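**Q** I have a structure I would like to understand better, so I am pasting it below and will then ask my questions one at a time.
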Amino acid sequence: MNFRSCPPVVCAAVLLTLFGFTACNESPVAPSPPQTLHTEFVLPFDRTTANAVISGPTFLFQGTSADYRFVLEVDRAPLQVEKAAWRVTDSTVALIDVRGHLRAINSGLTTVQATFQGLERSQPIRIVPDLAGDWEGPGQVTTCGGMTCDFRRCFNFLTAESRRFVRLTIAQDKTELSGTIVNGVPLSGLTGISIPVTGRVGDSGSFALTGETPTGPTSTLGITRSLIRSTGATLVGAFSWRVVRLNPLQVGTCREDFTVDVEFSGLTRVGR
């Protein structure tokens, strides 16, 4: 094209097309993601002051997976290292491959480590079981003791009412747990009293839930102790169920304060 003979408007359009000029009122171009850096390129950077991080989650549910990336900043430009050397400090908790893809296989704590040209970074991660949902199954009374107004009270729990029907509902926010425990007898299904409980998942993945609820003006029902763990498909464990109440008698009242221990080995998830 002969620029000497073209009209000014046409020449301006051609220049914009050829050289990529943009109008002053156009939106700025979004920053590009980190470039991928291959390990065969050796970078002249100071390892003592280099800005490098491992990018990836610090919390995972057991049975899930995640991708981790080693990001190195050189001359203020973030570079994603494609072939860093990856490892975890506890391979019984998680496994990671050469691409930084991690599988959470068991509950616990471990650390993801990545090395690139002598520069190492690490990131601790925590893995816990996914407990949210409704769990149901049979339970069994193992012990009963304390103050009762009727000597047959514990006897009945240990004999005719020893078989229990347990329902556990859990809401989960990472390691924090809340929900309810219903402890009924099989013939009555889930007509037992719902006890609100709270707790926290421990480092090993097991958890304890406690709580109580009033059942009358002078009575309470509570879960005083529990220890529960997940096997993946089921929940196994035990809890102590405490009853405190005043029973009216012909003359005065009688105070009861007794505890029933219940074990269960096969609560299965029936909903979320």
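Just so it is clear, none of the values below were taken in a lab; they were calculated from the coordinates. What you see is a predicted model; the values in this text were computed from it and never measured. Cβ coordinates were reconstructed from backbone atoms using ideal geometry, including for glycine residues, and neighbour counts include every protein chain displayed.
**Q** Limiting things to C-alpha atoms, what are the Rg and the maximum Cα-Cα separation (Dmax) for region 132-272, in angstroms?
**A** Cα-based Rg and Dmax for region 132-272 come out at 15.6, 53 Å.
**Q** Figure the gain on full extension for PHE151 and ASP134 (residue separation times 0.36 nm, minus the Cα-Cα span) and round it to one decimal in nm. Mind showing how you got there, number by number?
**A** Working: separation 17, 0.36 × 17 = 6.12 nm, distance 3.52 nm.
Gain on stretching PHE151 to ASP134: 2.6 nm.
**Q** At LEU158 and THR142, where each label point lies 7 Å from the Cα along Cα→Cβ, what is the point-to-point distance in nanometres?
**A** 1.5
**Q** Tell me, what is the percent relative contact order of region 170-248, built from C-alpha pairs under 8 Å that lie six or more residues apart?
**A** On the way: 153 pairs, mean separation 15.2, N = 79.
Contact order relative to length: 19 percent.
**Q** With Kirkwood's inverse mean 1/r over C-alpha pairs for Rh, give me the Rg to Rh ratio of region 120-179, two decimals please.
**A** 1.29
**Q** Which chymotrypsin sites (Phe, Trp or Tyr not before Pro) in region 130-218 sit in a loop by DSSP (not H, G, I, E or B) and have at most 12 other Cβ atoms within 10 Å of their own Cβ? Working shown, then result.
**A** Details: sites: TRP135, PHE151, PHE155, PHE157, PHE165, PHE207; in loops: PHE151.
Hits after loop and neighbour filter: PHE151.
**Q** For region 56-99, which trypsin sites (Lys or Arg not before Pro) are both in a DSSP coil and crowded by at most 14 other Cβ atoms within 10 Å?
**A** In loop regions of region 56-99 (DSSP not H, G, I, E or B), the sparsely surrounded trypsin sites (Lys or Arg not before Pro) are ARG76, ARG99.
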